[in-house]
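J.: First, the structure itself, so that you have it in front of you.
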Amino acid sequence: MTRSLLGWGAVAGPFYVIVSLAQALSRDGFELTRHQWSLLENGDLGWVQVANLFLTGVMLLAFSVGLRRALHGSAGGTWSPLLIGVFGLSLMVAGVFRADPALGFPPGTPPTGGAVSSHGVVHFAAAGVGFLAVAASCFVLARRFSGQDDRRLAAWSRATGAVFLAGFLCVASGAGSVAANLAFTGAVVLVFGWLAAVALHLYRMPTHLTAAQS
């Protein structure tokens, strides 16, 4: 059961990235250099991204349960599952409360800003909480991996946390900027890749050893 739950952490990232990228490359009017993937929730096919966010969140919640079972009683065993669970829940909330149309997407939306709705505020707040939570989980698990003398995974975890925080701050302060948007998109891909790597790392370990190591 623990390994099955951990496996969802390896599936969630590729699922989210592939579904989002497929839409970004095929939806009329969507520009990868300008638009955030959350804007794909709008328009006739917006339900696809809504489902994508919700299902990815469910997978991450399952992963967080597996993570708690695998790391119970050891370093990072309390906070890392909680933080990743918060990230998963935030994606589900962000799916239910859609982002407001913006920056000319979907077609017909004014190219510069627009009215901010209540569901748009909830979407942004949920995303912000989730992004901070997953970044924090990077540093929590980096400490665990350092204690296990796994320097490569520890360094990757720290770098992912720092890059993701920087990407989030860039896009929050420079919406519509090509550089900021591409930086954030790259950071999203990086953090989901990191989650998959952590999931696979723990999945391959015998379950009786994961909690024993600290």
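J.: Give me a count of the residues in the stretch 141-160 that are assigned to a helix (DSSP H, G or I), in contact (Cβ under 8 Å) with a residue 24 or more places away in the chain and closer than 18 Å to G77 by Cα.
T.: Step one: of the stretch 141-160, the residues assigned to a helix (DSSP H, G or I) are 141-147, 151-160.
Going one step further and asking which of them are in contact (Cβ under 8 Å) with a residue 24 or more places away in the chain, we end up with 141, 143-144, 147, 153, 156-157, 160.
The next check asks that each one be closer than 18 Å to G77 by Cα; those that pass are 141, 143-144, 147, 153, 157.
Final tally of qualifying residues: 6.
J.: While we're here: Identify all residues within the stretch 86-109 that are farther than 19 Å from L32 by Cβ and open to solvent by 70 Å² or more (accessible area, probe 1.4 Å); write none if there are none.
T.: L89, V96, F97, R98, G108
J.: Out of everything in the stretch 47-73 that is aliphatic (A, V, I, L, M) and open to solvent by 60 Å² or more (accessible area, probe 1.4 Å), what residue ends up being farthest from L89 (Cα to Cα)? Step through it out loud before you land on a result.
T.: Step one: list which residues in the stretch 47-73 are aliphatic (A, V, I, L, M), which gives 48, 50-51, 53, 55, 58-62, 65, 67, 70-71.
Filter again for open to solvent by 60 Å² or more (accessible area, probe 1.4 Å), leaving 55, 58, 65.
Working: L55: 10, V58: 7, V65: 13 Å.
Across the stretch 47-73, the extreme among qualifying residues is V65.
J.: Are any of the residues in the stretch 116-135 in a helix (DSSP H, G or I), touching a residue at least 60 places away in the same chain (Cβ under 8 Å), at negative phi and open to solvent by less than 10 Å² (accessible area, probe 1.4 Å)?
T.: Yes; the residues of the stretch 116-135 include at least one that is in a helix (DSSP H, G or I), touching a residue at least 60 places away in the same chain (Cβ under 8 Å), at negative phi and open to solvent by less than 10 Å² (accessible area, probe 1.4 Å).
J.: Another question, if that's okay. Output the number of the condition that A22 fails; it satisfies all remaining conditions of (1) of a type in the set (G, A, S); (2) open to solvent by less than 40 Å² (accessible area, probe 1.4 Å); (3) without any contact (Cβ under 8 Å) to a residue 60 or more places away in the chain.
T.: (2)
J.: Can you find a residue in the stretch 35-46 that is touching a helix residue (DSSP H, G or I) at 6+ places or on another chain (Cβ under 9 Å), in contact (Cβ under 8 Å) with a residue 12 or more places away in the chain, surrounded by fewer than 23 Cβ atoms within 10 Å (Cβ to Cβ) and assigned to a helix (DSSP H, G or I)?
T.: The answer is yes; a qualifying residue exists.
The values are calculated or read from the model by the stated rules, or taken from the named source; none is laboratory data. Source: prediction; values computed, not measured. Using ideal geometry, Cβ is built from the backbone for each residue, glycine included, and neighbour counts are taken over all protein chains shown. Ligands, DNA and RNA are excluded from the accessible area calculation, which covers all protein heavy atoms including side chains. Shrake-Rupley method; radii C 1.70, N 1.55, O 1.52, S 1.80 Å.
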